[in-house]
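Down below is the structure, laid out as structure tokens.
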Amino acid sequence: MPARTLSLAAILSATGSHIAGWRDPACAADGAVNIRRYIEEAQLAEAAKFDLVFLADSLALKLASADELSRTSNSIAMLEPMTALAAMAMMTQRIGLVATVSTTYTEPYNLARQFASLDHISGGRAGWNLVTGANPAEAANFSRTSQAAHDDRYARAEEYIDVAKALWDSWDDGALVVNKPGGRYFRPEALGVPNHQGQHFTVRGPLNVMRPPQGHPVIFQAGSSGPGVELAARTADCVFTQQRGIEPAREFYAKLKARVAAHGRDPDTVRLLPGLVPFVAASQAEAEDKFAQLQALVDPAVGIQILSAVVGGGIDLSSYDIDGPVPELPQTEGMQTFQANLLTAARLEGLTLRALYLRYAAGFGHWRVIGSATQVADMIEEAFTTGAADGFAISSPVLPGSLRDFAELVVPLLQRRGLFRRDYAGATLRDHLGLARPVRQAPAAQAIAV
Ligand SMILES: Cc1cc2nc3c(=O)[nH]c(=O)nc-3n(C[C@H](O)[C@H](O)[C@H](O)COP(=O)(O)O)c2cc1C
């Protein structure tokens with residue numbers, strides 16, 4: 001059994017995860033319209049032997065005025081992830097290609113086609129980050145007057161993923177025979193018809209894209225609430241999570257793995273990757289400087305607007321004293337874990353609204369580390385070896401600058417300590433993550449009946 005090693009994901013976006021990162025000289029800042037940026041960053045991550053690159057997604061801009069929105073790059077514009085990943089697939093060889101697609105505003109048949117195609121195009125490197133869509137502004141873009149309730153979104157997601165998997169199992173491996181003399185294009189016994197009938201979906205199938213090289217693309221899940229954990233424990237291969245630090249991360253790790261076991265699965269077959277925002281430099285002082293310079297660029301109006309969207313639960317916090325305490329707030333129907341983590345930090349540390357938006361501005365409230373390469377590698381090693389993580393989703397504050405710093409300064413240390421690969425052993429994303437290829441659940445029906 002090979003030694004357990006770290007999994008590293010590189011989160012790519014138009015400019016990076018720090019709210020003011022786009023104003024930093026090390027930020028290219030035209031990623032929203034320039035596929036070359038994504039390709040360069042994917043090649044950078046591949047050269048550092050990352051498992052995958054990940055493109056987050058949202059289906060709407062935030063609820064704010066054009067003036068307010070024009071002061072930030074956060075979730076303003078990007079290239080649609082599946083389209084961008086197909087281009088990146090042609091310019092990379094080994095790195096995994098993972099995108100977010102919402103189960104609330106899409107249909108399983110379209111999604112199954114897109115990810116099966118990306119898996120064929122990339123030679124087995126596709127992954128799907130299943131989200132239910134936390135941005136309330138999305139509903140208005142899909143002919144709906146309001147966002148579905150949090151738990152209802154998860155109920156739909158539970159059925160959605162089962163339909164997608166059944167569609168990927170429509171075809172057996174090696175179905176295509178192209179027997180020209182015999183007049184057979186594919187093996188008829190290799191095709192099945194899912195005929196799904198459920199509460200949310202009626203999907204006959206089969207899929208008109210053949211079985212993906214990985215069997216199924218790798219399934220990621222990013223919710224940590226009760227319904228989020230249940231969905232992940234039953235269906236996910238990998239779980240992204242937002243954690244405040246090593247102790248809460250250990251608690252969540254134990255909880256998730258216990259739920260995986262409760263669903264009859266081997267906990268080692270599900271990898272847990274908390275988000276991590278590294279500010280790294282040759283020395284701690286230099287790293288602190290980098291961090292302070294970025295924090296100084298945060299526009300208070302932007303800070304409070306973005307914080308309101310996550311913790312406000314619909315309440316605009318700009319009417320409160322920015323240097324006063326964080327008020328009691330109703331539970332959001334959006335990202336419940338993000339809200340809970342930020343409000344817990346505010347309560348435990350006595351943070352003001354200003355301090356809290358600055359906390360969120362530096363990488364969406366994800367676990368943050370500021371230090372020299374050795375200090376960052378030590379933190380990662382401790383988390384990996386003491387039951388807090390199987391790896392990390394590296395959320396670079398400034399792109400491409402911070403990703404390059406991490407790849408050049410921290411990765412070699414992790415490799416030298418035997419914690420991270422020096423080279424890819426396999427070709428597919430499942431190979432990189434040490435995940436088995438799912439066995440096909442062949443549908444019973446073979447005839448596409450009217
Ligand atoms: C690393 C990471 C990446 C995420 N990416 C997305 C994304 O691309 N789009 C999205 O709508 N939500 C994204 N989320 C948010 C989750 O989908 C979810 O809303 C959030 O974790 C709260 O889930 P909960 O309500 O189950 O607690 C991400 C979360 C994490 C931890």
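The values are calculated or read from the model by the stated rules, or taken from the named source; none is laboratory data. All of these numbers come straight from a predicted model, not from anything done at the bench. Reconstructed Cβ throughout: ideal geometry from the backbone, glycine too, with neighbour counts over all protein chains shown. Just the protein is used for accessible areas: all its heavy atoms, side chains included, with ligands, DNA and RNA removed. Shrake-Rupley method; radii C 1.70, N 1.55, O 1.52, S 1.80 Å.
Tabulated results
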| item | result |
| --- | --- |
| Filter result (open to solvent by 50 Å² or more (accessible area, probe 1.4 Å), closer than 15 Å to Ala45 by Cα and not in a loop (DSSP other than H, G, I, E, B)) within the stretch 72-94 | none |
| Output for the stretch 218-253, where each listed residue is assigned to a strand (DSSP E or B) and either away from the ligand (no atom under 14 Å from the Cβ) or aromatic (Phe, Trp, Tyr) (or both) | Val218, Phe220, Phe240 |
| Top-ranked residue of the stretch 268-283 - restricted to ones that are crowded, with 16+ Cβ neighbours inside 10 Å and away from the ligand (no atom under 16 Å from the Cβ), ranked as farthest from Phe364 (Cα to Cα) | Ala281 |
| Single residue of the stretch 39-58 satisfying the filter (within 15 Å of the ligand (Cβ to nearest atom) and in contact with a strand residue (DSSP E or B) (Cβ under 6 Å, 6 or more places away or on another chain)) that is farthest from Leu429 (Cα to Cα) | Asp57 |
| Qualifying residue in the stretch 196-217 (condition: outside any loop (DSSP other than H, G, I, E, B) and among the charged types (D, E, K, R)) | no |
| Within the stretch 155-189, considering residues that are of a type in the set (D, E, K, R) and exposed (fewer than 14 other Cβ atoms within 10 Å of the Cβ), the one nearest to the ligand (Cβ to nearest atom) | Asp173 |
| Where a residue in the stretch 412-441 is at positive phi and its partner, wherever it lies, is among the charged types (D, E, K, R) and surrounded by fewer than 17 Cβ atoms within 10 Å (Cβ to Cβ), with Cβ under 9 Å and at least six apart | Gly434/Arg4; Gly434/Asp268 |
| Subset tally (residues that are surrounded by 16 or more Cβ atoms within 10 Å (Cβ to Cβ) and of a type in the set (Gly, Ala, Ser)) for the stretch 319-354 | 4 |
| Residue in the stretch 286-307 that is part of a loop (DSSP other than H, G, I, E, B), within 16 Å of the ligand (Cβ to nearest atom) and more than 25 Å from Val53 (Cα to Cα) present | no |
| Considering residues of the stretch 123-140 that are among the small types (Gly, Ala, Ser) and open to solvent by less than 10 Å² (accessible area, probe 1.4 Å) only, the residue farthest from the ligand (Cβ to nearest atom) | Gly124 |
| Residue selected from the stretch 212-233 under the condition farther than 23 Å from Leu8 by Cβ and over 18 Å from the mean Cα position of the chain (by Cα), by the criterion surrounded by the most Cβ atoms within 10 Å (Cβ to Cβ) | Pro212 |
| Meets criteria (touching a Pro at 6+ places or on another chain (Cβ under 9 Å), open to solvent by 30 Å² or more (accessible area, probe 1.4 Å), away from the ligand (no atom under 16 Å from the Cβ) and modelled with pLDDT under 95) for Ala28 | yes |
| Residue within the stretch 260-267 that is crowded, with 22+ Cβ neighbours inside 10 Å, part of a loop (DSSP other than H, G, I, E, B) and of a type in the set (Gly, Ala, Ser) present | no |
| The one condition in (1) open to solvent by less than 50 Å² (accessible area, probe 1.4 Å); (2) over 27 Å from Ala444 (Cα atoms) that Asp152 fails to fulfil | (1) |
| Qualifying residue in the stretch 59-71 (condition: out of contact with any Pro (no Cβ under 7 Å at 6 or more places or on another chain), aliphatic (A, V, I, L, M) and open to solvent by less than 10 Å² (accessible area, probe 1.4 Å)) | no |
| Selected residue (criterion: most open to solvent (accessible area, probe 1.4 Å)) from residues of the stretch 429-450 that are modelled with pLDDT of 95 or more and touching a Ser or Thr at 6+ places or on another chain (Cβ under 9 Å) | Arg437 |
| Close pairs (6 angstrom Cβ cut-off, 6 or more residues apart or separate chains): among the aromatic types (Phe, Trp, Tyr) in the stretch 16-44, open to solvent by 10 Å² or more (accessible area, probe 1.4 Å) anywhere | Trp22/Ala29; Trp22/Ser73 |
